[in-house]
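In what follows, a structure is listed as structure tokens, so that the remarks can point back to it.
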Amino acid sequence: MHEIKRVNEIDIENYIKNSNDIIIMVMSSYSQEDRRGTYTCLMLYQDHRKVITNVLQDVSSANLTMLLGVLEAVKHINLTNINVCIISYIALGFKGVEKGNGLYVNDVTAILKEIASQGNTLSSLVVPDGKEIIKRIIMENNKDWAQPNQ
């Protein structure tokens, strides 16, 4: 149902170029003082690119912000019988949900259900050392970087 890969070193750009998946790259920022989170997701499929960004109020963490961004991105998928690969620099909790637990089990389950309802499969690629390259790739593909949707 879900394949998780955790790699420290990978040529993300080459991986994207050679992939037949819908790729969702995600990053977030979070302010603990005002519980405000911002996510930016870059969706890639063949020559198509879409950036989805939003500012969320009253969220509890950067991880939750990322998950909510991924859920929103997944809702934009109109294809069937394809794998969706989520690339992030932190584990988003898919492994925990498969074991029946996890901090954000409801949000992760919502992502899994949405993908399954589309007739698609899910994989994720966690690149702990990839924060800067993921951020750079997302920023290069987001012409409106300085003005996220609010």
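The values are calculated or read from the model by the stated rules, or taken from the named source; none is laboratory data. None of these values were measured; they are calculated from a predicted model. Positions of Cβ are backbone-derived with ideal geometry, glycine not excepted, and every protein chain shown enters the neighbour counts. Note: areas computed on protein heavy atoms with side chains; ligands, DNA, RNA excluded. Shrake-Rupley method; radii C 1.70, N 1.55, O 1.52, S 1.80 Å.
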Given (1) at pLDDT 90 or above; (2) touching a helix residue (DSSP H, G or I) at 6+ places or on another chain (Cβ under 8 Å); (3) open to solvent by 60 Å² or more (accessible area, probe 1.4 Å), index of the condition residue 145 fails: (1)
Subset tally (residues that are farther than 13 Å from residue 142 by Cα, under 15 Å from the mean Cα position of the chain (by Cα) and open to solvent by 40 Å² or more (accessible area, probe 1.4 Å)) for region 30-53: 1
Region 40-74: number of residues that are in a helix (DSSP H, G or I), under 21 Å from residue 114 (Cα atoms) and not acidic (Asp, Glu): 11
The lone exception for residue 96 - which of (1) open to solvent by 60 Å² or more (accessible area, probe 1.4 Å); (2) of a type outside the set (Lys, Arg); (3) part of a helix (DSSP H, G or I) it fails: (1)
Residue that is surrounded by the most Cβ atoms within 10 Å (Cβ to Cβ), among those in region 104-113 that are under 13 Å from residue 64 (Cα atoms) and in contact (Cβ under 8 Å) with a residue 24 or more places away in the chain: 111
Residue in region 121-136 that is open to solvent by less than 40 Å² (accessible area, probe 1.4 Å), of a type in the set (S, T, N, Q) and at pLDDT 90 or above present: yes
Where a residue in region 77-103 is on the phi > 0 side of the Ramachandran plot and touching a residue at least 60 places away in the same chain (Cβ under 8 Å) and its partner, wherever it lies, is among the small types (Gly, Ala, Ser) and open to solvent by 60 Å² or more (accessible area, probe 1.4 Å), with Cβ under 7 Å and at least six apart: none
